Amino acid sequence: MTIKQNVRKILSELPAGVRLVAAAKTREPREILEAIEGGAGIIGENYVQEAEKSREAVGGRAAWHFIGHLQRNKVKKAVEIFDMIETVDSAEIAREIDKRCATAGRTMPVLVEINSGREPQKSGVAPEDAEPLIREIAALPHIRVMGLMTMGPLTGHPEESRPCFAETKRLFDRIKGLKLPNVAMQYLSMGMTHSYRVALEEGANLIRIGTGIFGERPRK
Ligand SMILES: *Cc1c(COP(=O)(O)O)cnc(C)c1O
């Protein structure tokens, strides 16, 4: 199947209210364009420099979400490129985003990344640290917390992701219930090609799919 057909098929299977992020790391602008032609409304990028090139070529035909690990020295550029940053996991990076957004005269919607697998080498904040972090971020005037994002285990059976997704959903609901000022818990970003069906069952409303749209990534 072509990229366009893959996107159409996935979109046709999604429940109402669920949005698709086409995870485009290492993909060429023409491949991204094909995904957009198939109906992908959001492009996810892991690398700021790559995203800058792709966005230049593809333009504003889609929304751009940052889904990689954000380094402090890339925030200024990221704030120019992205419509949402899904991977905020520290007050330090949040303050840098706030500062750069203040200069740019904009507000950045962000998701807080949860390390639901509690894997030490992974990015994301531990579930128990999420609420204090969100309270801290909520005080920043140029950031708006709009939900949570998690990866879950990257390998193994999709069922192994289920407890991670379920815990992140419980956390999402609990924080939503707090009705914190300047926090709008609207998006729960969970699930990749191998795990998105499980993520949907556990309440994801934003799924991030790369391989299932663009095919296997060439090994480097
Ligand atoms: C690459 C990536 C995805 C998509 O992974 P696939 O297995 O190719 O679907 C989703 N989320 C993040 C954060 C990624 O880096």
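So here's what we get for this one:
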| read-out | value |
| --- | --- |
| Condition met for GLY152 (touching a residue at least 24 places away in the same chain (Cβ under 8 Å), within 26 Å of LEU33 (Cβ to Cβ), in contact with a strand residue (DSSP E or B) (Cβ under 9 Å, 6 or more places away or on another chain) and within 16 Å of the ligand (Cβ to nearest atom)) | no |
| Filter result for VAL79 (buried (at least 19 other Cβ atoms within 10 Å of the Cβ), out of contact with any strand residue (DSSP E or B) (no Cβ under 8 Å at 6 or more places or on another chain) and within 24 Å of ALA102 (Cβ to Cβ)) | no |
| Pair list, Cβ under 7 Å, 6 or more apart: the range 64-80 residue within 15 Å of the ligand (Cβ to nearest atom), other residue among the basic types (Lys, Arg) and not in a helix (DSSP H, G or I) | ILE67/ARG208 |
| Among the candidates ARG170, ARG144, ARG197, ARG162, residue that is farther than 30 Å from ARG217 by Cα and in contact (Cβ under 8 Å) with a residue 24 or more places away in the chain | ARG144 |
| Filtered residues of the range 36-68 (kept if of a type in the set (A, V, I, L, M), closer than 14 Å to ARG19 by Cα and touching a strand residue (DSSP E or B) at 6+ places or on another chain (Cβ under 7 Å)) | ALA40, ILE42, ILE43, ALA62, ALA63 |
| ARG118 vs. criteria over 29 Å from GLY39 (Cβ atoms), without any contact (Cβ under 8 Å) to a residue 24 or more places away in the chain, among the basic types (Lys, Arg) and not in a helix (DSSP H, G or I) | yes |
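Here is a yes/no grid of residues against (1) modelled with pLDDT of 95 or more; (2) closer than 21 Å to HIS65 by Cα; (3) crowded, with 19+ Cβ neighbours inside 10 Å:
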residue	(1), (2), (3)
ILE137	yes, yes, yes
LEU140	yes, yes, yes
LEU154	no, yes, no
GLU201	yes, no, no
ILE209	yes, yes, yes
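To keep it simple, each residue is scored yes or no on (1) in a loop (DSSP other than H, G, I, E, B); (2) under 29 Å from ARG27 (Cα atoms); (3) within 14 Å of the ligand (Cβ to nearest atom).
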site	(1), (2), (3)
PHE172	no, no, no
LYS176	no, no, no
GLN186	no, yes, no
THR193	yes, yes, yes
VAL198	no, yes, yes
ILE207	no, yes, yes
GLY212	no, yes, yes
ARG217	yes, yes, yes
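The values are calculated or read from the model by the stated rules, or taken from the named source; none is laboratory data. Since this is a predicted model, take the numbers as computed values, not measurements. In this analysis, Cβ positions are derived from the backbone assuming ideal geometry, glycine residues included, and neighbour counts consider all displayed protein chains.
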